[in-house]
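The values are calculated or read from the model by the stated rules, or taken from the named source; none is laboratory data. Being a predicted model, the structure only gives us computed values, none of them experimental. All Cβ positions, even for glycine, are placed from backbone atoms using ideal geometry, and neighbour counts span all protein chains on display. Heavy atoms of the whole protein, side chains included, go into the accessibility calculation; ligands, DNA and RNA do not. Shrake-Rupley method; radii C 1.70, N 1.55, O 1.52, S 1.80 Å.
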Amino acid sequence: MIVWSSSHFAGSGYNNQRRCNDVTQKFQDFYKKGTLKYLVNGTSNGQAIICAIPNKKTACNGKTQLYTLKTRGEAKAKSKQ
């Protein structure tokens, strides 16, 4: 379960409800494609992200991105939970 408790991205138009809706759709899309096998952290456009990848050889990038995190340190912590 993901709990959106931060309003960090609200200033860019991504309030908690919008993030929930967008990420829920991404999870569903990756699941339907069979690519929701691993959750890993990475970077896209200089921002820390969490990605869904089908195997450990697939890169974590904007194409496989589920959502953006506030910091790189948070990405490492979240991907281990």
Answer yes or no as to whether Ala52 is hydrophobic (A, V, I, L, M, F, W, C), open to solvent by less than 30 Å² (accessible area, probe 1.4 Å) and at pLDDT below 90.
no
Of all residues being over 13 Å from the mean Cα position of the chain (by Cα) and assigned to a helix (DSSP H, G or I) in the range 30-49, which is nearest to Ser7 (Cα to Cα)? Just the residue, please.
Tyr31
Residue tally, condition assigned to a loop (DSSP other than H, G, I, E, B) and not charged (D, E, K, R), over the range 50-71
10
Would you tally the residues in the range 1-49 being hydroxyl-bearing (Ser, Thr, Tyr), open to solvent by less than 80 Å² (accessible area, probe 1.4 Å) and under 13 Å from Thr68 (Cβ atoms)?
4
